[in-house]
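Asks: Here's a structure for you.
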Amino acid sequence: MKFFCLLALALVSLGAPADELAEANQLFSFAEARYPDYFRPAGQPTQPLQGYLVRYYPETNTYLGVQDGVVYVYGQVFGVGILRVGRVSEFITLGPVDLTDRLLSRRSANCADYAGSYTSTATDLARSLSFTGSLAIAVSDGSCTFSSNNIPNHSMGQGGAFATPVSAQSSSFRVSATPAFAAQTTALSLAWNNAVLLNGVRVDMLAAACFGVGDGRIGCNNEAQPWRYDPMSPRNNFGTDIHNAHTQPDGAYHYHGNPVALFDLAGGALSPVVGFAADGFPVYGPFIAAEGGGFRKVRTSYRLKSGSRPSGAGNPGGVYDGTFRDDYEFVNGLGDLDACNGMSVDGQYGYYITDGFPYMTNCFRGTPDASFRKAPPTPR
């Protein structure tokens, strides 16, 4: 929080996403017009520094800054120290932010810091059909509500074979802005969506497909049924596209793992928050700080079991090769993450995207919000 003082000595241009810069400049212009006694002369250059966007006003010796949608002021007239005065959205009405093919950068674990309206354009490549995505994140009574039409901010269908054509949905998910650990973990469930990403698209880790049930692709709704197929396994053919997503029977596009979007795949920085799990804890991309400097991918603590699966009635036999979720076992301390695929860094718990099983989350450390429960199917 010393950046306002440092700015007087050295201004270092680090760049910022265009929409964040536009949002900050809109706020600065509002403040200069509304409060000229504090911020003059108007129209000072906006300077990015250490993740902040700042303007310094020499006549009043004051500073105005924005980071992650939050407004800060500094100067003798405001008292001692840095003063947090609220969110940008509390002062100005922001137009929709275009998320099309955008890579995220923010790491705030508070869902309220992403409040706003967003839009995007996505093409269903299989049908050469264009969709407009919409997402609104609103804050009320300590919760954030994600209202979207479930259309992503990237193309759909490349490399996939969807059983049902993509269609827009009406989705509304609510997460706590102050999540807390529950007394015990909650397992994933077919009856629940698992997370919502910051492009408005839901995450549904499990597939209703088990060995020996129907055609092995649908209809396995008994969660105690063993040998559930892993939709992320290259040995299975679930028709997912290059974003590890496909459609549900109603046409709802959803991810089973890494969206291969929203964050820098090269790992040149700490991965941002890409969404929020049903219990309110953030979901981060895969890159964390490496020992000795730089960045590395976070390591899962799951591994394939050794040997062969049981054979005989109700069992598939064969070696443990990742075809089924039951092929994996958790080994405490094997990697960085716990059994839910999360960990705490600097006191902040979050789930992480991993290359290996379980890919995003395998259970919930907090209490999932009821808004993530799937609607029962419409009787026919």
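Asks: Looking at the chain, which longest stretch skips every one of the GluC sites (Glu not before Pro) that is in a DSSP loop with at most 16 other Cβ atoms within 10 Å, leaving the sites themselves out?
Replies: 60-222
Asks: Divide by every residue of the chain the summed helix terms, -39500 (n - 2.57) for each DSSP H run of at least 4, and state the resulting mean residue ellipticity at 222 nm, rounded to the nearest 500 deg cm²/dmol. Don't jump to the answer; show the numbers that get you there.
Replies: Numbers: 2 runs with 22 residues, N = 380.
About -2000 deg cm²/dmol.
Asks: Could you give the length gained on full extension between ALA313 and SER130, defined as 0.36 nm per residue of separation minus the Cα-Cα distance, in nm?
Replies: Numbers: separation 183, 0.36 × 183 = 65.88 nm, distance 4.75 nm.
This chain segment gains 61.1 nm when fully extended.
Asks: Now for a different question. Give me the mean projected area, in nm² to one decimal, of the convex hull enclosing the Cα positions of the chain. All intermediate terms of the calculation are to be shown ahead of the outcome.
Replies: Values: hull surface 87.7 nm².
Mean projected area of the Cα convex hull: 21.9 nm².
Asks: Give, in nm to one decimal, the length gained when the segment between ALA163 and ASP141 is fully stretched (0.36 nm per residue of separation minus the Cα-Cα distance). Intermediate values should be presented prior to the final figure.
Replies: On the way: separation 22, 0.36 × 22 = 7.92 nm, distance 3.99 nm.
Extra length available between ALA163 and ASP141 comes to 3.9 nm.
Asks: Pick out, in residue order, every one of the trypsin sites (Lys or Arg not before Pro) in region 200-260 that is DSSP loop and has at most 15 other C-beta atoms within 10 Å; say none if there are none. Show your work: numbers first, answer last.
Replies: On the way: sites: ARG202, ARG217, ARG228, ARG235; in loops: ARG217, ARG235.
Sites meeting the loop and neighbour criteria: ARG235.
Asks: Which value results for Rg/Rh of region 180-380 when Rg is the Cα radius of gyration and Rh the Kirkwood radius based on the inverse mean 1/r? Before the final figure, lay out the partial values.
Replies: Numbers: Rg = 17.0 Å, Rh = 17.7 Å.
For region 180-380, the value is 0.96.
Asks: Nearest 10 degrees is fine. How inclined is helix 18-34 to the longest principal axis of the chain, computing both from alpha carbons?
Replies: The answer is roughly 30 degrees.
Asks: May I ask you to compute the full-extension gain from ALA187 to ASN332, defined as 0.36 nm times their residue separation minus their alpha-carbon distance, rounded to one decimal in nm?
Replies: Working: separation 145, 0.36 × 145 = 52.20 nm, distance 1.75 nm.
Result: 50.5 nm gained on full extension.
Asks: Roughly speaking, what % of Cα-Cα pairs in region 213-306 are separated by over 20 Å, rounded to a whole number? Numbers along the way, then the final one.
Replies: Numbers: 2399 of 4371 pairs.
In whole percent, the share of Cα-Cα pairs in region 213-306 beyond 20 Å is 55.
Asks: If you don't mind, another one. Could you calculate, for region 255-327, the ratio of the Cα radius of gyration to the Kirkwood radius, expressed as Rg to Rh?
Replies: Values: Rg = 17.3 Å, Rh = 15.3 Å.
Ratio value, two decimals: 1.13.
Asks: Which of the listed residues, VAL166, PHE78, SER134, is farthest toward the dipole's positive end in the chain, when Lys, Arg count +1 and Asp, Glu count -1 at the beta-carbon?
Replies: Of the candidates, VAL166 comes out farthest on the positive side.
Asks: With a point put 7 Å past each Cα toward its Cβ, work out how far ASP215 is from ALA180 in nm, to one decimal.
Replies: 4.8
Asks: Set Lys and Arg Cβ to +1 and Asp and Glu Cβ to -1, take the dipole of the chain about its Cα centre, and tell me which of VAL213, HIS154, GLY43 lies farthest positive.
Replies: Of the options given, the answer is VAL213.
Asks: Please list, ordered by chain and number, the residues whose modelled amide H lies under 5 Å from the amide H of ARG87; skip anything fewer than 5 residues away on the same chain.
Replies: When sequence neighbours closer than 5 places are left aside, the close amide H contacts are VAL71.
Each value in this text was obtained by applying a stated rule to the coordinates, not by laboratory testing. Here the structure is a predicted model, which means the values were calculated and not measured. So basically every Cβ, Gly included, is an ideal-geometry build from the backbone, and we count neighbours across all protein chains shown.
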